[in-house]
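What follows is one structure encoded as structure tokens, with my remarks underneath.
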Amino acid sequence: MLKKLLQNTQVQKILIFILPVLLYLNTVTNDYALDDSIVITENIYVQKGIKGIKEIFSNDTFTGFFEKKKDLVQGGRYRPLSVASFAIEKSMWGNTPALSHFVNALLYGLLCLLVYRTLMQVILYFDVREYAIPVAFLGTILYAVHPVHTEVVANIKGRDELLAVSFGLLTILNFLKYLGNGKIQYIVLSGICLFMGLLSKENALTFLAIAFLISILKFKPYARLQYSMSLLILSGFAGLYFIIRWKVAGGFAGDAVNELMNNPFLYAAENQKYPTILYTLIVYLKLLVYPHPLTYDYYPYHIELQSWTNPLVILSLVFYILFPIIFFYCFRKNKLIAFGTAFFLITLLPVSNLLVNIGAFMNERFLFLPSVGFAIVAGYLLYLSINRDKKQKKATFIELIFLLVVLLFSGMTIDRNRDWKNNFTLFTHDVKISKNSAKGNCTAGGALLERGQKEKDEKAKREYLENSIVYLNTALEIYPDYIDALLLLGNAHYNYNKNYNKVFDSYQKIFVLAPQYDLAFSNLNIMLASEKEPGPRKTGYHLILKYRPDDFDANYQLGSTYGKILNLFDSAQMYLSKAVQIQPENKVANRDMGVACALTGDYKKSLPYFEEVLEMDPSDPANYINLGITYQNLGNNTKAAELFREAEKLRNREDVN
């Protein structure tokens, strides 16, 4: 049955489109997850809908989320096309993740058709027509069902990868058409597709190298000019993208980020970086053959820093030295194996950390494009095993193994999609795999904290918060200076039992490590503002003022604590006067300062504050009364009576209204 299917292109096309769409159909019940907030739900440009597209194309990808340019990863990011698609969807159907998931599933089905078409055309270009259809089909089916692709398809944000690879494959298809008939429109169209791929994600640049690879694998001396012109035109379109990117987001170089979660080699010794990179490269090979377990989280230190003494590091080095040898050996004897091997290496290199620090040790989504090379080689070897064996029983056995792998991979894909249900499900599931990841423990702790804050049942609430504290402490054991984990841990202790000693301990560490981190200061201010006990208020506000003496809220609230709760009016005046200096036009601070002075009997000192308050808000009767009482205590009864009459008039107007 499989042999018949290997020759029926119409059935193949239908199957290649429908199968991946069906595999990801269960994602439509999923919510937004992981980085979807950065590019969709909390991206100010996307939330404007179509009106935000101009700003999307005019700014770094992260700007719409942070509302300012932030160099989170080396070289920045400029991927406006996928982000613009989210803005269009926002205008069409609002924030509806089900429809966005369905779009991703459809795009993946179309992409698999492009993989099939591209593999077939490449094989035909290499003049091996007899197995073009079956190899393209076998390789594409393996690609379509592979569970390692779930991170791209099941995560809406992965559309950047879907679009980049789709446009990249269109680049190659039109490039091959140009080589076949020499019509200039095809190479121009190829260049446009490359440009669109780059606008989706930077790794589309590797398709320029793939075009060059195709040229040298079947080099025709008489077509030198055609090769040169085609590669020059493609390079021109790529250059146009980089000019735009440089003006908007800057170059690729940049300095490595001084933060472990965006620079995994920050604390690596000189002899650890390259062994660790080699270790991740062999993990990639393992995931292609045995994609289990899967996790979104390969941050420090799910992948531990390696040394040259690890046998797997040496084995990886041997493998990746062997691949170029295979390429050169097959250069003349088997161009398809040479192409598949080189495709894998070329597309994996930019995300390997060898050229640029990608901000993580590795990610499963980085295999989305290189796995096309794997599919080429695997499809060819499967074809040989099925068709070149004279013993029918053995061929049938291999067919059954292939079908079993397809079924197994399909089941794994459907099952993995469920883990991407939402942040809570993803984070709490994957932390059990990435046990030694600081980020994994931090995000799981944060998800449990958020769930605990919303929980009404007291027992369940305590359980969520207890588990949150465990994960956050684990994150800090792995990375003691992890600011996000410190912030969440302080919040968790506050929500669990208002253990202010632990809250202040976490926040003080943040203030030392990141004195410019405004969120930490505002968070602590909010916590303390709702606290009625003077002890924690005093300690907390003094802690804030130790690192930010000009913090208005801390000065005002501390002054209010000394005055309204402790009746220590001299101390109250000290902090309230500072608050007024920071915000001279703050009505409440001026009023409370006037009251604090009046309560010590210093009416001359309170007078200008009450006058200022009245000038700021002449519609409030209380402001006339406060000022009138002050004049009365200073012996100016005439002025006091005048002010009392004004207060009475205002009250009468309020009664009438």
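Points worth noting:
- Conditions (1) under 30 Å from Arg418 (Cβ atoms); (2) part of a loop (DSSP other than H, G, I, E, B); number of the one not met by Tyr284: (2)
- Within region 449-463, residues that are at pLDDT 95 or above have Cβ atoms under 9 Å from residues that are loosely packed, with under 10 Cβ neighbours inside 10 Å in these pairs: Lys461/Lys454, counting only partners at least 6 apart in sequence or on another chain.
- Residue check, Leu173 out of contact with any Cys (no Cβ under 6 Å at 6 or more places or on another chain) and either modelled with pLDDT of 95 or more or among the polar types (S, T, N, Q) (or both): yes
- First in region 330-359 and assigned by TED's automatic domain parsing to the domain that holds Glu202, second anywhere and part of a helix (DSSP H, G or I), Cβ under 9 Å, 6 or more apart: none
- Put simply, of Leu99, Leu163, Leu124 the only residue that is in contact with an Asp or Glu (Cβ under 8 Å, 6 or more places away or on another chain) and of a type in the set (A, V, I, L, M) is Leu99.
- Every pair of residues 6+ apart whose Cβ atoms lie under 6 Å, when the first sits in region 381-397 and is over 18 Å from Val289 (Cβ atoms) and assigned to a helix (DSSP H, G or I) while the second is at pLDDT below 80 and of a type outside the set (S, T, N, Q): Ile386/Ala395; Ala395/Asp389
- Qualifying position, being under 19 Å from the mean Cα position of the chain (by Cα), modelled with pLDDT of 95 or more and over 21 Å from Val103 (Cα atoms), among Ile44, Ile56, Ile40: Ile44
- One residue from Phe207, Phe242, Phe219 being surrounded by 18 or more Cβ atoms within 10 Å (Cβ to Cβ) and either outside any helix (DSSP H, G or I) or not acidic (Asp, Glu) (or both): Phe207
- Elements of the type helices (runs of 4 or more DSSP H) sitting completely within region 543-657 and holding at least 1 residues that are in contact (Cβ under 8 Å) with a residue 12 or more places away in the chain and of a type in the set (Val, Ile, Thr): these cover 569-582, 587-599, 603-616, 621-633.
- Residue match in region 306-317 (condition: touching a residue at least 40 places away in the same chain (Cβ under 8 Å) and either within 30 Å of Gly379 (Cβ to Cβ) or not aliphatic (A, V, I, L, M) (or both)): no
- Residue satisfying condition, being surrounded by 15 or more Cβ atoms within 10 Å (Cβ to Cβ), more than 30 Å from Asn262 (Cα to Cα) and of a type in the set (S, T, N, Q), within set Ser410, Ser371: Ser410
- Single residue of region 578-612 satisfying the filter (within 16 Å of Tyr556 (Cα to Cα) and among the β-branched types (Val, Ile, Thr)) that is surrounded by the fewest Cβ atoms within 10 Å (Cβ to Cβ): Val588
- Restricting Phe343, Phe331, Phe366 to those that are over 30 Å from Lys157 (Cβ atoms) and not hydroxyl-bearing (Ser, Thr, Tyr) reduces the list to Phe331.
The values are calculated or read from the model by the stated rules, or taken from the named source; none is laboratory data. Keep in mind that this is a model prediction, so the values were computed, not measured. Quick reminder, even Gly has a Cβ in these numbers, built from the backbone with ideal geometry, and neighbours come from all protein chains shown.
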